[in-house]
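Before any comments, here is the structure.
The values are calculated or read from the model by the stated rules, or taken from the named source; none is laboratory data. Model, not experiment: these values are computed from the prediction. We place every Cβ from the backbone using ideal geometry, glycine too, and count neighbours over all the protein chains shown. The accessibility values were calculated without ligands, DNA or RNA, using every heavy atom of the protein model including side chains. Shrake-Rupley method; radii C 1.70, N 1.55, O 1.52, S 1.80 Å.
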Amino acid sequence: MSRPGPRAMAVRVLVGGCVALASPNVMAATRTSAPIEVAVIGPYTGGSADMGISMREGVELARDEINRAGGVLGRSIALIERDDASHDEQGARIARELTQVRPVAAGVGLVNTGVALAAAPYFEEAEIPLIVAVATGAAIAQEFAPPEYDKNYVFRISMSTAIEAPAIVAEAARRGYRRPGILSDATSYGQAGRHDLTAALALHGLAPVSIEKFNIGDVDMTAQLRRARAAGADVLMTYGIGPELAAIARGRTALGWDVPLIGSWTLSMSSFINGAAQSGDGAAMPQTFIDQATNPAQATFLKAFVSRFGPHIASPMSAAQGYDSLRVLVAAIEQAGSTDGSKIRAALERLRNPVVGVLKIFDGPFDATSHEAIRPADILIGVVRSGRVEREWSAARPAEPAR
């Protein structure tokens, strides 16, 4: 599909703490040049606010560090923050505004799969790079991939359900479970997860004994749980967000059914952990980051985050992914030497220098055919224990697919 030429736009950018451009000339230019604007879109209210606010705080921490070091291309970074409230239509309106009405240099964020799918086409059409920091639906970074499209402007630093679902199944198989029940919400996110779980189970020669659905806002999952128990489920695999997942955990306890929960990464949300209380202990989920530092970059990030925002991180994974998204984006802007969208995209696909992140070292994270930075080998398994997520050190990682 052919594309229109790139839009001319005045912009500014944002990033997170690893690229130091602090010469006197750069500092002088930063004081006199217009800032680079980067959109930060996420749910800062509603049921997904844990993830959205933590992601935004990670981005803000990155921006502050970069600006203190002199900015990028001699300019400071300014964030244009917008609350999509987890509504697809609102996300689309925001994306239209920030790509057509007052275009930004780039975008980061997006937490809910449906919102990301609604917003991404506007960035693609405007040829403005978008780095998805939290949403996991498999289609997000593939929707505009070649050969159907000449260039893909959508990148991702969160895990895809295409590798998350196999990790869930692999962990269940490692523990010896053979009769899974699936509980997923009715959103695009939940239904994409259900599809990917079913496909991953088939690769293990398994099939779900029950498939149940619930709506956002549901507080009683008794009927779904009873049907799963009657079908003989020995493990519950979940795709949803914190409040409804907590209702599943509480409902399971109320029924006196001690069946394990292994689900998507959102079982790490504080709204699940706090809402489920003791009923949530033992829930397991894939993670890209757990707030137990295992290297100096993670220790530095956690210390800076706590100093800036306080001791509690509602969604540590979202915070770390937001932070790293900006670091990678700024590295691409620096390499491109420009805020032109096509040049930033090309730089993202051919980053010359590794970027030391919180999740990992991003060494050539993207290329022209793959805009997914997270690989199966990057996934950890976390387990809720006494009100926090801890690393499951014995968990096996799924094999790296051929590239």
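Which of rounded, prolate, oblate describes segment 248-324, given a ≥ b ≥ c as roots of the alpha-carbon gyration tensor eigenvalues and a/c under 1.5 marking rounded, otherwise prolate only if a/b is larger than b/c?
Prolate shape, in that a/c is at least 1.5 and a/b is the bigger ratio.
Please give the Cα centre distance for segment 314-334 versus segment 70-130, rounded to the nearest Å.
A separation of 15 Å, based on Cα centres.
Reachable lysines from residue 151, Cα under 26 Å, same-chain residues fewer than 8 places away excluded?
Of all the lysines, those that pass the test against residue 151 - Cα under 26 Å, at least 8 places apart if same chain - are 343.
Let me know the charge dipole size of the chain about its Cα centre in debye, to the nearest 20, where only the beta-carbon of Lys, Arg (+1) and Asp, Glu (-1) is charged.
Here the chain has a charge dipole of around 480 debye.
In whole Hz, with x marking every Gly and Pro, tabulate ³J(HN,Hα) for segment 202-211 from phi via Karplus 6.51 cos²θ - 1.76 cosθ + 1.60, θ = phi - 60°.
Ordered by residue, 3J(HN,Hα) equals 4, 5, 9, x, 10, 9, x, 7, 8, 10 Hz.
Using the alpha-carbon atoms, what tilt in degrees (0 to 90, nearest 10) does helix 113-126 show relative to the longest principal axis of the chain?
20
What does the net charge come to around residue 54 if you take all other residues with beta carbon closer than 11 Å to its beta carbon, with K and R at +1 and D and E at -1?
Net charge around residue 54: -3.
Hey, any idea what the orientation-averaged projected area of the convex hull of segment 185-319's Cα atoms comes to, in nm²?
9.2
Each residue of segment 385-391 in turn: what ³J(HN,Hα) in whole Hz from Karplus with 6.51, -1.76, 1.60 and θ = phi - 60°, glycine and Pro shown as x?
9, 6, x, 8, 8, 10, 6
Just tell me which lysines come within less than 23 Å, Cα to Cα, of residue 360; anything on the same chain fewer than 8 places away is out.
Hits, sequence-local ones excluded: 303.
Determine the gain in length on full extension of the stretch residue 338-residue 303; use 0.36 nm per residue of separation and subtract their C-alpha separation, reporting nm with one decimal.
9.4 nm
Roughly how compact is segment 93-141, stated as its Cα Rg over 2.2 N^0.38 Å to two decimals?
1.02
On a C-alpha basis, how far is the centre of segment 290-312 from the centre of segment 198-273 in Å? Whole number, if you could?
Distance between centres, Cα-based: 31 Å.
Over segment 272-403, calculate the relative contact order: mean separation of alpha carbon pairs under 8 Å at least 6 apart, over the residue count, as a percent.
RCO, segment 272-403: 31 percent.
Work through the residues other than residue 112 whose Cβ is under 10 Å from its Cβ and net out their charges, Lys, Arg +1 and Asp, Glu -1.
Spelling it out: positives minus negatives among the neighbours equals -2.
May I ask for the Rg/Rh ratio of segment 122-220, computed from Cα atoms with Rh as the Kirkwood radius, given to two decimals?
1.06
Once you place label points 7 Å from the Cα toward the Cβ at residue 368 and residue 45, how far apart are they in nm?
For the pair residue 368/residue 45, the computed spacing is 4.5 nm.
May I ask you to evaluate 6.51 cos²θ - 1.76 cosθ + 1.60, the Karplus curve with θ = phi - 60°, for each residue of segment 373-381 and list the ³J(HN,Hα) values in order in whole Hz, giving x for glycine and proline?
Listing the rounded values in order: 7, 9, 10, x, 5, 8, 7, 10, 10 Hz.
Per residue, how many Å² of accessible area does segment 218-301 show with a 1.4 Å probe?
With all protein chains present, segment 218-301 gives 34 Å² per residue.
With an 8 Å cut-off on Cα pairs and a minimum separation of 6 or more residues, tell me the relative contact order of the chain in percent.
Answer for the chain is 19 percent.
Rounded, prolate or oblate for segment 292-335? Axes are the square roots of the Cα gyration tensor eigenvalues, ordered a ≥ b ≥ c, and the cut-off for rounded is a/c under 1.5.
It comes out prolate by the Cα gyration axes.
If a/c stays under 1.5 just call it rounded; otherwise compare a/b with b/c (prolate if a/b is bigger, oblate if not). Do that for segment 174-241, with a ≥ b ≥ c from the square roots of the Cα gyration tensor eigenvalues.
Since a/c reaches 1.5 but b/c is at least a/b, the shape of segment 174-241 is classed as oblate.
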